[in-house]
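Written out below as structure tokens is the structure these notes cover.
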Amino acid sequence: MIDLCDISKIYRVGDEEIHALDRVSMTVAEGEFVGITGPSGSGKSTMMHIIGCLDTADYGTYRLDGQPVEHRSEGDLAVIRNRKIGFIFQSFNLISRMTLEENVELPLIYQGVSPHVRRERVGAALERVGLSNRRKHTPNSISGGQQQRAAIARALVTEPALILADEPTGNLDSKTGESILELFRELNASGKTIVLITHDNHIAGETGRTIRIMDGRIEGTG
């Protein structure tokens, strides 16, 4: 599913070069649940941006679901993001004036999916995360855990090849965070490929495999 080979990303600050990623190679097989962890400034956010086609590497090659990603135009990357990747963020990124149903439907509108199919897929996604009875609620009227479940439904509704979660439990208490991790485990058991980015070693340890990054390099796996 993910094949990074000798990926490097260099930022220039004045005359100084900062190697955010330094010749990183990594693979994630279809159906894996992988945690990427490391302290602040280790390079994990840069790796997330590259895996998620939000940024491109300066050197190296990246294949996502068998397709080469480097040298793609921004338009091509946007299509890949929309059709191949379901994003889940720490801050949920739900639109407050829209209902949960409308928030989950939004990626399908961007894809040009017909209204009838949208209704079916939105309903199935909300049911999968246990929010069928909250579909008409707005984000501000539900709990943080329910907001994250809605964000997960939005990521699932496009039927992506990859779910990319960035600190998905960071704004939740430990009990609610564990319920979200349990939902990820259920999704993974159903065949979903999941990459979870976290600074928390305990959270990373709840995944099937952990990759630790330090100073832009992969330090180890577990």
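The single condition from (1) out of contact with any Phe, Trp or Tyr (no Cβ under 7 Å at 6 or more places or on another chain); (2) closer than 23 Å to ASN201 by Cβ; (3) open to solvent by less than 50 Å² (accessible area, probe 1.4 Å); (4) not aliphatic (A, V, I, L, M) that GLU178 fails is (3). Of all residues in the stretch 45-61, those that are assigned to a strand (DSSP E or B) and open to solvent by less than 10 Å² (accessible area, probe 1.4 Å) total 0.
Could you check the stretch 62-85 and list, in sequence order, the residues that are open to solvent by 60 Å² or more (accessible area, probe 1.4 Å), part of a helix (DSSP H, G or I) and not aliphatic (A, V, I, L, M)? Hits for the stretch 62-85 are GLU74, ASP76, ARG83. Restricting the first member to the stretch 47-65 and to residues that are over 14 Å from GLY86 (Cβ atoms) and charged (D, E, K, R), and the second to residues that are in a helix (DSSP H, G or I) and open to solvent by 30 Å² or more (accessible area, probe 1.4 Å), the beta-carbon pairs closer than 7 Å and six or more apart or on different chains are ASP55/HIS49. Contact map, the stretch 83-105: first residue without any contact (Cβ under 8 Å) to a residue 12 or more places away in the chain, second residue surrounded by fewer than 19 Cβ atoms within 10 Å (Cβ to Cβ), Cβ cut-off under 7 Å, separation 6 or more or different chains; the map is empty. Within the option set ILE180, ILE194, being assigned to a strand (DSSP E or B) and under 16 Å from the mean Cα position of the chain (by Cα) holds for one residue only, ILE194. Apart from one condition, GLU219 fits all of (1) part of a strand (DSSP E or B); (2) of a type outside the set (Gly, Ala, Ser); (3) under 23 Å from PHE92 (Cα atoms); the exception is (3).
Filtered by the rule that a residue be surrounded by 15 or more Cβ atoms within 10 Å (Cβ to Cβ) and not β-branched (Val, Ile, Thr), the stretch 24-44 gives MET26, GLU32, PHE33, GLY35, GLY38, SER42, GLY43, LYS44. Would you confirm, using the coordinates I've provided, whether ALA204 is surrounded by 19 or more Cβ atoms within 10 Å (Cβ to Cβ) and in contact with a Ser or Thr (Cβ under 8 Å, 6 or more places away or on another chain)? The answer is yes for ALA204. Among residues of the stretch 121-135 that are more than 11 Å from THR158 (Cα to Cα) and touching a residue at least 12 places away in the same chain (Cβ under 8 Å), those with a beta-carbon under 7 Å from a residue that is surrounded by fewer than 19 Cβ atoms within 10 Å (Cβ to Cβ) and hydroxyl-bearing (Ser, Thr, Tyr) at least six positions away or on a different chain give the pairs LEU126/SER132; ARG135/THR99.
The values are calculated or read from the model by the stated rules, or taken from the named source; none is laboratory data. Note that the structure is predicted; figures quoted are calculated from it, not measured. As a convention, Cβ positions derive from the backbone with ideal geometry for all residues, glycine included, and neighbour counts pool all protein chains shown. SASA here: full protein model, heavy atoms, side chains in, ligands and nucleic acids out. Shrake-Rupley method; radii C 1.70, N 1.55, O 1.52, S 1.80 Å.
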